[in-house]
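Report on the following structure.
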Amino acid sequence: MHDIEAARPLSSNRNGKLVGSTNVPGDKSISHRSLMFGAIADGRTVISGLLEGEDVLSTANAMSALGAVVEKINGDYIVDGVGNGGFRQPEDALDFGNAGTGSRLCMGLVGIYPFKSKFVGDASLSSRPMGRVLTPLTKFGVQILDQQNGKMPIILRGPDLAYGISYEPPMASAQVKSCVLLAGLMAAGVTTVVEAVPTRDHTERMLKGFGAKIEIETMSSGATKVHLQGQGRLLPQKIEVPGDPSSAAFIIVAALITPGSDVTIKNVLMNKTRTGLFETLTEMGADLEFSNLRTAGGEDVADIRARHSELRGVVVPATRAASMIDEYPILAIAASFALGETNMLGLEELRVKESDRLATVARGLEANGVECREANDSLSVTGYRQVPGGGTVATNFDHRIAMSFLIMGLASRQPVTIDDARMIATSFPDFVPTLERLGAEFHRLPATN
Ligand code: S3P
């Protein structure tokens, strides 16, 4: 849809401090998985706080097309599941829009079925590599009936009977791990995924909550082995989706770089596989306060208070990349306002996100007068605490690029313009009004073709 509609440019400018308290929408990773696992549980799963972003709604539509019943009743999402193994062949292609997570996880969840399933997406998703999930799926006996050089549109057909596999993804990717585990739900025997660097563990935690037989072994090296017994029954759950730390990140950085700011974000997921940005910002001198620490639905959550801070550049080690993989664009903005160089290492996976995020961030920084150095798998940003701004950023259909540079404009000398704000709706539909309530100012510019 976004490919043919007119782009919507938007700019942000300095408008004084940001103050107040807010919530952020539900975590995207947990939202996708809640719908998928609800769809294959035996009975009714109730989800409160689901992220109603376009990415997650694409997953909801896919689950309906496969036979689950998904309804919104009194603000909650109700999923009547078909039981593990109970999907019916979808009549049309499953369209995942911009969503890498929805599509890659469903290629495992659905592609393993002994019927034809077709996976399509928008221009950005259709340019992203899917070979990383197709390779392990072929080990289960899944046939690839159509593909475009490892990209979408893709048609899969699973074997009559699949057997569990053991797989070590060559890259740190929760999507690849999850794709394999979800295919393993339909396979006879045990499926094992080995991760040299552990990535976000929502699939493991949530499958356990749904009653799957899953065990996690942690090696002395820190590597993990996840073992899943296939063909088990999943029991429906009541799920409260906590606030998305990747969305909270934009508001936190906005408060840190805007003089006089004092903002609290309530009910944010604090899972350790997701909190690398908070660690990095703290090392940079950020005034962050975590309060009301508690567990909700099997996950740690907290309220986070962020106040304007004089940030300093740091080295962000490659070993931390997995725990903040979606946060580098907004970290680059924080780094632009920090004193000295911030050197971010181990960023090879950023090349294959919704855009080539390393290049897109670097071009956006340059357009706004920030000095940076882009290498194959690293980015270094030289900050002066004053950012000129005044540039227009090519967002390349990437929601996190759009939001990051709008945050830059709240504190730079001149306004910052992004070429297209539409993709923000994929993960944080209320981004603009949420920030406006805290004191931010945005200007809509005429639509372009
Ligand atoms: C996600 C995994 C990550 C992340 C994405 C969500 C998930 O992708 O970037 O936004 O929910 O499993 P990769 O597996 O490609 O690193």
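Here, each number is a calculation from the coordinates, and none is a lab measurement. All of these numbers come straight from a predicted model, not from anything done at the bench. Because the Cβ atoms are built from the backbone with ideal geometry, glycine has one as well, and the counts that use them run over all protein chains shown.
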When only alpha-carbon atoms count, how far does the stretch 1-113 stretch along each of its three principal axes, as whole angstroms with the largest first? 55, 34, 22
Principal axis box of the stretch 303-449, alpha-carbon based, largest edge first, Å: 39, 34, 32
Chymotrypsin sites (Phe, Trp or Tyr not before Pro) restricted to DSSP loop in the stretch 15-124 with at most 13 other C-beta within 10 Å: PHE115
The stretch 82-103 residues near the modelled ASP146 label - backbone nitrogen below 15 Å, point 7 Å along Cα→Cβ: 90-96
What do the square roots of 5 times the Cα gyration tensor eigenvalues come to for the stretch 1-66, in whole Å, largest first, as semi-axes of the equivalent ellipsoid? 32, 20, 6
Here the gain from full extension of ARG373 to SER64, 0.36 nm per residue of separation minus their alpha-carbon distance, amounts to 106.7 nm
Note, ³J(HN,Hα) from phi for the stretch 259-264, Karplus 6.51, -1.76, 1.60, rounded to Hz, x at Gly and Pro: x, x, 6, 7, 10, 10
For the chain: relative contact order, % (alpha-carbon pairs under 8 angstrom, 6 or more apart): 20 percent
In the chain, once you exclude exposed GluC sites (Glu not before Pro) (DSSP loop, at most 16 other Cβ within 10 angstrom), what's the longest stretch remaining? 92-309
Mean-square fluctuation check for the chain, GNM, Cα pairs under 10 Å: which of VAL110, VAL314, VAL268 is largest? VAL314
At 10 °C and 1.306 mPa s, grab the translational diffusion coefficient of the stretch 154-213 from Stokes-Einstein with a Kirkwood Rh over Cα pairs, rounded to a whole number in µm² per second. 129 µm²/s
P(r) for the stretch 109-257, please, calculated from all Cα pair distances in 5 Å bins and given in %. 2, 9, 16, 18, 17, 17, 12, 6, 2, 1, 0, 0
Rounded to two decimals, what ratio of Rg to Rh does the stretch 58-128 give with C-alpha atoms and a Kirkwood Rh? 0.98
Rounded to a whole number, the Stokes-Einstein D of the chain in µm²/s (Kirkwood radius over Cα pairs; 25 °C; 0.890 mPa s) is 111 µm²/s
Taking amide H atoms as placed 1.01 Å from N in the peptide plane, list the residues 5 or more away in sequence, or in a different chain, whose amide H sits under 5 Å from that of VAL315. ASN343
5 Å is the cut-off here: which amide hydrogens, built 1.01 Å from N in the peptide plane, fall below it relative to VAL387, excluding neighbours closer than 5 in sequence? ARG413
Report the local net charge at GLY222: Lys and Arg +1, Asp and Glu -1, summed over other residues whose C-beta lies under 14 Å from its C-beta. 0
Please give, to one decimal in nm, the separation of the simple spin-label points placed at ARG14 and TYR163, each 7 Å out from Cα toward the Cβ. 6.7 nm
Counting Lys and Arg as +1 and Asp and Glu as -1 over every other residue whose Cβ sits under 14 Å from the Cβ of PRO388, the net charge comes to +1
Working from Cα positions, state the angle (0 to 90°, nearest 10) between the long axis of helix 54-65 and the longest principal axis of the chain. 10 degrees
Among ASP55, ASP201, ASP420, the residue with the largest mean-square fluctuation in a Gaussian network model of the chain built from Cα contacts under 10 Å is ASP201
Could you give each residue of the stretch 312-318 its phi-based ³J(HN,Hα) in whole Hz, using Karplus coefficients 6.51, -1.76, 1.60 with θ = phi - 60°, and x for Gly or Pro? 10, x, 9, 9, 9, x, 4
Once a ≥ b ≥ c are taken as the square roots of the eigenvalues of the Cα gyration tensor of the stretch 210-278, is the result rounded (a/c under 1.5), prolate (a/b larger than b/c) or oblate (a/b not larger than b/c)? oblate
The relative contact order of the stretch 164-312, taking Cα pairs under 8 Å that sit 6 or more residues apart, comes to a percentage of 20 percent
Amide H of ARG128: which non-local residues (sequence gap of 5 or more, or other chain) have their own amide H closer than 5 Å, using H built in the peptide plane? MET152
Debye sum, Cα scatterers, the stretch 198-238, no solvent: what log₁₀ I/I(0) at q = 0.14 1/Å? -0.34
Using a cut-off of 12 Å between beta-carbons, work out the net charge of the residues near ILE424 (Lys and Arg +1, Asp and Glu -1, ILE424 not included). -3
Which entries in LYS238/LYS272; LYS72/LYS353; LYS116/LYS151; LYS208/LYS353; LYS28/LYS177 show an alpha-carbon gap greater than 21 Å? LYS238/LYS272; LYS72/LYS353; LYS208/LYS353
In whole Hz and in residue order, list the ³J(HN,Hα) couplings for the stretch 405-416 that follow from phi through the Karplus curve 6.51 cos²θ - 1.76 cosθ + 1.60, θ = phi - 60°; x for Gly and Pro. 6, 5, 5, 4, x, 6, 10, 7, 5, 9, x, 10
